[in-house]
1. Please compute the net charge surrounding Gly143, taking Lys and Arg as +1 and Asp and Glu as -1 over other residues with Cβ under 12 Å from its Cβ.
2. Pairing the Cα long axis of helix 201-218 with the longest principal axis of the chain, what angle in degrees results, from 0 to 90 and rounded to the nearest 10?
3. Provide the FRET efficiency to the nearest 0.05 for the Leu278-Arg144 pair, computing r from the beta carbons and using R0 = 35 Å.
4. Report relative contact order for the chain in percent, whole number only (criteria: Cα-Cα under 8 Å, sequence separation at least 6).
5. Just one of (i) 1.11; (ii) 1.38; (iii) 1.20 is Cα Rg over 2.2 N^0.38 Å calculated from these coordinates, so which is it?
6. Among Lys100/Lys213; Lys100/Lys140; Lys140/Lys213; Lys121/Lys163; Lys79/Lys163, which pairs are too far apart, with a Cα-Cα distance over 23 Å?
7. Starting from the range 46-77, pick out the trypsin sites (Lys or Arg not before Pro) whose DSSP state is loop and whose Cβ has at most 15 other Cβ atoms within 10 Å.
8. Post the alpha-carbon centroid distance, the range 55-84 to the range 206-271, in whole angstrom.
Amino acid sequence: MSDGNTCMELALEGERLCKAGDCKAGVEFFEGALQAGTEDLKTLSAIYSQLGNAYFYLRDYSKALDYHKNDLQLARSMKDRLGEAKASGNLGNTLKVLGKYDDAILCCRRHLDISNELGDKVGEGRALYNLGNVYHAKGKHIGRLGHRDPGEFPEEVRSCLEKAVDYYRANLQLMTELRDRSAQGRACGNLGNTYYLLGNFSQAIFYHEERLKIAREFGDKAAERRAHSNLGNAHIFLGEFETAADQYKKTLVLAQDLGDRAVEAQACYSLGNTYTLLREYPLAIEFHQRHLGIARELLDRIGEARACWSLGNAHPASPWNEGATS
């Protein structure tokens, strides 16, 4: 026999814990709510959905998948179209992380179709964004084999990335209509990253500059830092090394402000390489030495090896190679 009141109390405590960031404890309360049982199918659907989201946050994707599937089946049994749309979107995100891209696309398209049918603009926006993410991830996954520069991927990869662009642009247009600046920023960042992979560096710069502007509006230093780094990368491929160096310097300052030593190391590495391209070897060596120091501090053996290799490349070219770091 189910105890609806106990179930609801446990579920509400689980929700409170998850919102406070303690998903591990939250899951125990949600599982307890299921054990207590309820005859209210709406409550059961909400518990399945929140358990799926909590397990996703905890990176237990197989359990997340199971609960989102349960939620989808329950929504269909209740003929709850909005619930079916949301469960489909959650399934799509989980399948994407598991590398099941084609299944993820089917779920995200179902989310999009139902949202359109219901006139749910917010749901439509999420579905468009998620479809962009799935095609973006699928393109990067297929293109991961072999080292290729942006713009030099095979047709199968380009096709995925171009579809990602279409969905991100549709999402951006809708978020602009809804005046959701935060969502516009996310779309711009993803468009910049996708155009970069396609080798369209001028478009990448346009969208990363938009991303930077919106990040500043919100005082989002982490997003601002990512935008500067991405702008630096795009300017490198256009041969605009001075501009790239300016962007990497801004990345470095923000990484220091945020106390992110790993990103600080990456910014130093990028600056070292950029100054090597500019033939400003003393500066190149200075930044590679800074990268080396942070890599050793973080016990990052791969970063340390990259720094030593880069120093070896910069030193022979330098007119002053006495006291070179070995």
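1. Surrounding charge for Gly143 is +1.
2. 70 degrees
3. Given R0 = 35 Å and the Cβ-Cβ separation, E is 0.70.
4. 7 percent
5. Matching entry in (i) 1.11; (ii) 1.38; (iii) 1.20: (iii).
6. Table pairs above 23 Å Cα-Cα are Lys100/Lys213; Lys140/Lys213; Lys79/Lys163.
7. In loop regions of the range 46-77 (DSSP not H, G, I, E or B), the sparsely surrounded trypsin sites (Lys or Arg not before Pro) are Arg59.
8. Result: 38 Å between the Cα centres.
The values are calculated or read from the model by the stated rules, or taken from the named source; none is laboratory data. Note that this is a predicted model, so its numbers are computed, not measured. Every residue, glycine as well, gets a Cβ built from its backbone with ideal geometry; the counts of neighbours run over all protein chains shown. The accessibility values were calculated without ligands, DNA or RNA, using every heavy atom of the protein model including side chains. Shrake-Rupley method; radii C 1.70, N 1.55, O 1.52, S 1.80 Å.
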